[in-house]
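Structure first, then comments.
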Amino acid sequence: MGLFKDTELNEKMLSSEIVYDGQLLHVYKDTVVLPNGAESRREYIKHVGAVCIVALDDSGNVVIERQFRYPVGRVVTEIPAGKLDERGENPLFAAKRELLEETGITAGEYKYLGPFYPSCAYSDEVIHMYLAESLHYGERELDDDEFLNVELIPLEELVSMILSGEIADGKTQAAVMRVWNELSSERKKTCRDC
């Protein structure tokens, strides 16, 4: 049995129709040609994109937020995040803006952690993940429709909360575990040099 190359997996769009054009979400219905030549339909959501930030202080605490998320009907614990103002906006600028607006924090250092696709089966949304360090605290600038509580949780405790299922938010899981892994790798390298 041979392995497929990516080019043998690609689907080609024949037609595209917008079904709903909202403020945040834009729903499309496309007709595509499958790799085997058959036609099929794809319904999906176009999203402008977003950012999320693991803000880590000098004591090893992560800034988290608790806010009510209407689609799931409950308060969710997550890291600071927000959507891009427009498609193509520089994600680092958006990360700095969202961290300041939601928490009042600016950071001296940012590290890009990579993209996260929260729902690639039905949305093109990509969340750009960042680690922010060398934190400076100020006043937050919440939007009129934003209500959230901000607190600090030690990174190790937050990892335990993720592993126990207490933190259900996918972007928070992915970004925090990425930071935990990188810091653990750095600690191992440092110990080998001891």
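No lab work stands behind these numbers, since they all come straight from the coordinates. What you are looking at is a predicted structure, and each value in this text was computed from that prediction instead of being measured. Don't worry about glycine lacking a Cβ; one is built from the backbone with ideal geometry, like all the others, and counts go over all protein chains shown.
Values for this structure:
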| quantity | calculated |
| --- | --- |
| Residue ID - surrounded by the most Cβ atoms within 10 Å (Cβ to Cβ), chosen from residues in region 32-48 that are under 12 Å from residue 13 (Cα atoms) and of a type in the set (Lys, Arg) | 42 |
| Residue list for region 113-133, restricted to those being of a type in the set (A, V, I, L, M) and in a strand (DSSP E or B) | 113, 127, 129, 131, 132 |
| Search result, residues across region 88-105 that are surrounded by 15 or more Cβ atoms within 10 Å (Cβ to Cβ) and not aliphatic (A, V, I, L, M) | 89, 91, 96, 97, 98, 101, 102, 103, 104 |
| Matching residues in region 140-187 - criterion: being closer than 16 Å to residue 115 by Cα and exposed (fewer than 11 other Cβ atoms within 10 Å of the Cβ) | none |
| Evaluation of residue 24 against (1) out of contact with any helix residue (DSSP H, G or I) (no Cβ under 8 Å at 6 or more places or on another chain); (2) free of Cβ contacts under 8 Å to residues at least 40 places away in the same chain; (3) exposed (fewer than 14 other Cβ atoms within 10 Å of the Cβ) (one fails), failing number | (2) |
| Residue tally, condition closer than 16 Å to residue 125 by Cβ and among the polar types (S, T, N, Q), over region 10-42 | 1 |
| Number of positions in region 73-103 that are touching a Lys or Arg at 6+ places or on another chain (Cβ under 7 Å), farther than 19 Å from residue 155 by Cα and either charged (D, E, K, R) or in contact (Cβ under 8 Å) with a residue 12 or more places away in the chain (or both) | 2 |
| The listed residue being surrounded by 12 or more Cβ atoms within 10 Å (Cβ to Cβ) and either within 19 Å of residue 63 (Cα to Cα) or over 19 Å from the mean Cα position of the chain (by Cα) (or both), out of 137, 112, 117 | 112 |
| Hits in region 144-187 (condition: of a type in the set (Lys, Arg) and free of Cβ contacts under 8 Å to residues at least 60 places away in the same chain) | 187 |
| Any pair with Cβ under 9 angstrom, 6 or more apart, that starts in region 104-119 at a residue that is under 14 Å from residue 137 (Cα atoms) and ends at one that is assigned to a strand (DSSP E or B) and among the aromatic types (Phe, Trp, Tyr) | 104/137; 105/137; 106/137; 107/130 |
